[in-house]
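Below you'll find the structure, written out as structure tokens, and then a few comments.
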Amino acid sequence: MMNDNGQYAAAVEICETGARSSGHLLGVWQQVDEHLHASMCEVCGAMALVVRPGNERCWRTGGKALEQECLKEGIRISEFGA
Ligand SMILES: [Zn+2]
């Protein structure tokens, strides 16, 4: 069945909580494909990912936004107009 929205929402929440605790500010989540959703930190551009391998039921979280601190303290990115 396709009724896994709850698990997807839970994985996104884990990503957002983890990214926020590292200082990131995630933007809108975008569906890259059926098994991959991504969001980018609006400050430093680090990605957070929610992935579901084709043969698995659970979504997994990952991406640089969960692996490293936000770079906003060290680098000022001023080219984020778009
Ligand atoms: Zn960041």
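Worth a mention:
- Condition check for GLY45: within 16 Å of the ligand (Cβ to nearest atom), among the small types (Gly, Ala, Ser) and over 9 Å from the mean Cα position of the chain (by Cα): yes
- The one condition in (1) part of a loop (DSSP other than H, G, I, E, B); (2) modelled with pLDDT under 95 that VAL28 fails to fulfil: (2)
- Matching residues in region 1-19 - criterion: being exposed (fewer than 14 other Cβ atoms within 10 Å of the Cβ) and either under 13 Å from LEU66 (Cβ atoms) or within 12 Å of the ligand (Cβ to nearest atom) (or both): GLU13, THR17
- Taken over region 19-61, the criterion of being of a type in the set (Gly, Ala, Ser) and out of contact with any Ser or Thr (no Cβ under 7 Å at 6 or more places or on another chain) is satisfied by ALA19, SER21, SER22, GLY23, ALA38, SER39, GLY45, ALA46, GLY54.
The values are calculated or read from the model by the stated rules, or taken from the named source; none is laboratory data. On a predicted model such as this, the values are computed, not experimentally measured, just so you know. Counting neighbours? That spans all protein chains shown, and the Cβs are built from the backbone with ideal geometry, glycine included.
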